[in-house]
Amino acid sequence: DAGVIQSPRHEVTEMGQEVTLRCKPISGHDYLFWYRQTMMRGLELLIYFNNNVPIDDSGMPEDRFSAKMPNASFSTLKIQPSEPRDSAVYFCASSFISKGNTGELFFGEGSRLTVL
Amino acid sequence: ELKVEQNPLFLSMQEGKNYTIYCNYSTTSDRLYWYRQDPGKSLESLFVLLSNGAVKQEGRLMASLDTKARLSTLHITAAVHDLSATYFCAVGIRLTFGEGTQLTVNP
């Protein structure tokens, strides 16, 4: 399996622009997570899905952030409008959680966002 | 709200020495994970601990879990430079992460 695939790997944009980050989870995984990592705040869980349904979005910082998972193989994280404080590395991760399974989380390579 | 605390946050050690990283968490959980992150890279899974008393070892790293004390340890034996990285513990089904321990192993 190719692992969790994220795009773009790097994004530089100007304040006020819309940003869309994309994620393809590992086939067969039923959980998908979006994390944000910064030096100041560490790793923060933004939202996670189970079987394409958002379960907990309490980590989404503001209404400017939205996430969707239209099917089992694709998710997006959108920021509109973007602000400089959104600059961070955004990780997508997926797992398969069931009885007898470890629930180990597999991370993508991350999308490094810089908002000028 | 689940809180996960690691200590130390920064660890500088000499090659060949032993040390332990601690991970404390605030509420009961049946699973704990350890991850490694190299600078500018993604997170790599090291260990999955699923029961009280679980112990896992891989090379110079050994992880253990005490669910009653809500404590996990990551023990480093005879450290080598290649172990330099940031180590995270994560707890629970939604994986709440600790702050990370930045480990530097000096020759």
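Here are the numbers:
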{"item": "Condition check for A:Ala67: within 10 Å of another protein chain (Cβ to nearest Cβ), modelled with pLDDT of 95 or more and touching a Pro at 6+ places or on another chain (Cβ under 9 Å)", "result": "no"}
{"item": "Test result for A:Arg9, basic (Lys, Arg) and touching a Gly at 6+ places or on another chain (Cβ under 8 Å)", "result": "yes"}
{"item": "From the options B:Leu43, B:Leu11, residue that is within 28 Å of A:Gln6 (Cβ to Cβ), of a type in the set (A, V, I, L, M) and buried (at least 16 other Cβ atoms within 10 Å of the Cβ)", "result": "B:Leu43"}
{"item": "Per-region count, region B:49-67, residues more than 11 Å from chain A (Cβ to nearest Cβ), closer than 17 Å to B:Gly98 by Cβ and not in a loop (DSSP other than H, G, I, E, B)", "result": "5"}
{"item": "The one condition in (1) touching a Lys or Arg at 6+ places or on another chain (Cβ under 6 Å); (2) assigned to a strand (DSSP E or B); (3) more than 14 Å from every other protein chain (Cβ to nearest Cβ) that B:Leu46 fails to fulfil", "result": "(3)"}
{"item": "Strands (runs of 3 or more DSSP E) contained in region A:65-116 and holding at least 2 residues touching a helix residue (DSSP H, G or I) at 6+ places or on another chain (Cβ under 7 Å)", "result": "A:111-115"}
{"item": "Qualifying residue in region B:46-67 (condition: under 28 Å from A:Ile55 (Cβ atoms) and loosely packed, with under 14 Cβ neighbours inside 10 Å)", "result": "yes"}
{"item": "Close pairs (9 angstrom Cβ cut-off, 6 or more residues apart or separate chains): free of Cβ contacts under 8 Å to residues at least 60 places away in the same chain in region B:90-107, in a strand (DSSP E or B) anywhere", "result": "B:Arg94/A:Tyr31; B:Arg94/A:Phe33; B:Arg94/A:Leu45; B:Arg94/A:Tyr48; B:Arg94/A:Ile55; B:Arg94/A:Asp56"}
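The values are calculated or read from the model by the stated rules, or taken from the named source; none is laboratory data. Fair warning: this is a prediction, and the values are worked out from it, not measured in the lab. Neighbour counts run over all protein chains shown; Cβ positions are idealised from the backbone, glycine included.
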